[in-house]
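The values are calculated or read from the model by the stated rules, or taken from the named source; none is laboratory data. This structure is a prediction, so every number in the text was calculated from the model and none was measured. Cβ placement follows ideal geometry from the backbone for every residue including glycine, while neighbour counts extend to all protein chains displayed.
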């Protein structure tokens, strides 16, 4: 037994020894791989693009700026450190005020295109300098950054571009210097021009979808504000607008499309826009959640975060952009976590719109987490991880808009339920009274009948009042009020569907003679007959209105051409010109003058549309009819 135990102990020691040796050689192998990957020069050939970030060595430097010669001496002294080639964020240095110098060498194949574009794909970098030289040659320097107005860029692009002319079978040394008051990320890519153009089509298409979504949500909620007069919708519109400004700054679009000649506003837009969005965001959350913050004794949280966002905005503009950027990142994270916590409590309590509200902030927090893991090199770099914040904010904006809509529906359901409960209580009270005082049943029944009759009468009167408020009492046509509503609706539909509508202004000729000769009763009969004849030629979607005396207005939607309208005018003129029987024995004949204006061909202003049609009507009106009327 002792022999067996000795053998077992020896085997155990041998196993441990073998494991240690295995781990040692594995570590050496991995270190050798890493060193080989870090030291291997890049070979540039005929590929459409090359990701250069994983091939750099880096120097992080605090203090006064260094010259290129000083940097070269530091590299020769071994002060540069190789980035991890397996990292997906090899040249992401986070929020830092240090200057970063990158260096790499590469060689070119015997056959390759001469013209290349070096892209530093982070628009908000303050300063970017590129130095490139052939082996043994002089360095060529190019400068860019968001401190340079977009209009002054040598290569107009939302990112920083540098043109390189490479020779075949040549070795090159490349230095890149970058500094920024915000996040210091330096993704470097080498492109053939056609390949960069093709990649831009995809990126601009995605950006168009994102900003188009935000614009649509802004317009939708702005209309809701005008309809409901709830300031929460206006605050939400401001939240979306400033968030879009911040994202546009990060994407390099503010300099390209909004302030091409103002480098300062381009530089301030990412952090400044997000800070302003945060101010309106906290007030939106505070108003949306209603009693939840007070119930949790956290009613001070959102106002405090609003002060922090305002402080971040102030620091960004007047004190230190770096401090403002750090503060807005910390505050945004606290804001998202606080909103998610309060939203979860609201969801638990069944508050209207809480489910979409919680999903919105979960989307934003997940996008922040993805960006953080991507920047740490844990997640791979692709279109989704690199733009996770954009996807997350788009989902957040959409879900918050749905939360607002769900809030309206829930409040309406609660109001309806309250009305049903009130009716139920009333019925129970009536039943109790009937049971306790049967002798009053007849009187209660009679009273109920009277109330129902009164209610029916009130309903009829209400319908009559609405009819009178929107229709002409004599002809039953639309009046001025309803005509105004119909015109606004036609304008919105024309804008949305990119179609036209026509406005016809009609004035009867020789109508005054009918009144003078046969009396106003006969004139009323003429107006009624004219109204019927006009309606007979129109579609259900069209509108004919009497706006006073013998003046009529016709709104024709989705018109095809002026010729079609003129044909319709001919039918209307011919039909109205037919004799009209008044007082069951007298025939009278009248005419009418028609003026036409088309939206938007003639004008996009409704009042101007009326003026054009009115002038045209008087232009075609016979002179004898003008004198008679």
Those residues of region 494-526 which are farther than 15 Å from residue 610 by Cβ and touching a strand residue (DSSP E or B) at 6+ places or on another chain (Cβ under 7 Å) amount to 494, 500, 508, 509, 510, 514, 518, 522, 525, 526
Failed item, numbered, when residue 316 is tested on (1) modelled with pLDDT of 80 or more; (2) within 29 Å of residue 405 (Cα to Cα); (3) crowded, with 23+ Cβ neighbours inside 10 Å: (2)
Quick one: how many residues across region 59-98 are modelled with pLDDT under 90 and assigned to a strand (DSSP E or B)? 8
So residue 247, is it buried (at least 22 other Cβ atoms within 10 Å of the Cβ), more than 27 Å from residue 408 (Cα to Cα), in the same structural domain as residue 214 (by TED's automatic domain parsing) and in contact (Cβ under 8 Å) with a residue 60 or more places away in the chain: yes
Which members of region 208-220 meet the condition of being farther than 16 Å from residue 235 by Cα and either more than 11 Å from the chain's Cα centre (by Cα) or buried (at least 19 other Cβ atoms within 10 Å of the Cβ) (or both)? 210
For residue 101, are the conditions met, namely being under 36 Å from the mean Cα position of the chain (by Cα) and modelled with pLDDT of 90 or more? no
Any chance region 587-610 includes a residue that's touching a strand residue (DSSP E or B) at 6+ places or on another chain (Cβ under 9 Å), assigned to a helix (DSSP H, G or I) and free of Cβ contacts under 8 Å to residues at least 40 places away in the same chain? yes
Within region 543-572, the residues that are more than 21 Å from residue 620 (Cβ to Cβ) and crowded, with 20+ Cβ neighbours inside 10 Å are 543
Please state which of the following conditions residue 149 fails to meet, knowing it meets all the rest: (1) surrounded by 15 or more Cβ atoms within 10 Å (Cβ to Cβ); (2) in contact with a strand residue (DSSP E or B) (Cβ under 7 Å, 6 or more places away or on another chain). (2)
When you go through 239, 288, 280 one by one, which is the residue that is closer than 16 Å to residue 342 by Cβ, touching a residue at least 24 places away in the same chain (Cβ under 8 Å) and assigned to a helix (DSSP H, G or I)? 288
Would you point out the residue of region 251-292, among those that are under 30 Å from residue 344 (Cα atoms) and out of contact with any helix residue (DSSP H, G or I) (no Cβ under 6 Å at 6 or more places or on another chain), that is surrounded by the fewest Cβ atoms within 10 Å (Cβ to Cβ)? 291
When restricted to 352, 303, the only residue more than 23 Å from residue 96 (Cβ to Cβ) and outside any helix (DSSP H, G or I) is 352
Criterion first (assigned by TED's automatic domain parsing to the domain that holds residue 607, out of contact with any helix residue (DSSP H, G or I) (no Cβ under 6 Å at 6 or more places or on another chain) and part of a loop (DSSP other than H, G, I, E, B)) does residue 525 satisfy it? no
